[in-house]
Amino acid sequence: MEQAHIIRQGCEGDRAVLYAIFVAAVESAVAYTPAQRKAWAGDGKDEARVAWDIAQKQKQFWVAEISGAVVGFIDWKIDENNHGFIDMLYVHPDFHRQNIATKLIEAVLAAGQAQHILYFYVDASLMAKAVFMAQGFQIVAEQKVERHEQVLVNYHMELFLRAA
């Protein structure tokens, strides 16, 4: 059953829960093997968490909230070519299939357009590929990324927007 959710720009206080949502989402990613999921999510040790925190502070992010709890997020940044790079999109598995990922993508695209960003790209996982395609993203290439001796497949995708 779909629950009412709010999409809003994230704030510093939201950051603490993002890592937990990321890990829960990756651990539920049945399209990947258990070894691939562990390589993707890391081992949860301090070094992985510190690297996560540093990377997160360099990006803008939006969250999905249900009953006051953050249940999903998307982050992005404007790259050196003035293009929008969507880095992460994760929804807690307890809240999948509620249109949350779609609404998060729409929020980022609108924010980008407001900043005159007309080209977005993402390296989407097997699970995220369909939601990005539904938003008009096109597959440019299938990629094989190695992490901790595991090969993960993702898709480099792009979207061109029209000027408003």
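The values are calculated or read from the model by the stated rules, or taken from the named source; none is laboratory data. All figures in this text were calculated on a predicted structure; none of them were measured in a lab. Heavy atoms of the whole protein, side chains included, go into the accessibility calculation; ligands, DNA and RNA do not. Shrake-Rupley method; radii C 1.70, N 1.55, O 1.52, S 1.80 Å.
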On the protein heavy atoms, probe 1.4 angstrom, tell me the percent of accessible surface of the chain carried by carbon and sulfur.
52 percent
Residue-averaged [θ]222 nm for the chain, counting only DSSP H segments that reach four residues, each worth -39500 (n - 2.57):
-9500 deg cm²/dmol
Per residue value of the accessible surface for the chain (all protein chains in place, 1.4 Å probe), Å²:
55 Å²
Amide H neighbours of D87 under 5 Å, counting only residues 5+ apart in sequence or on other chains, H built in-plane at 1.01 Å?
D75, W76, K77
How large is the Kirkwood hydrodynamic radius of the chain, counting all unique pairs of alpha carbons, in Å?
16.3 Å
Given H placed on each backbone N at 1.01 Å, which residues far from G10 in sequence or on other chains put an amide H within less than 5 Å of it?
F61, W62, V63
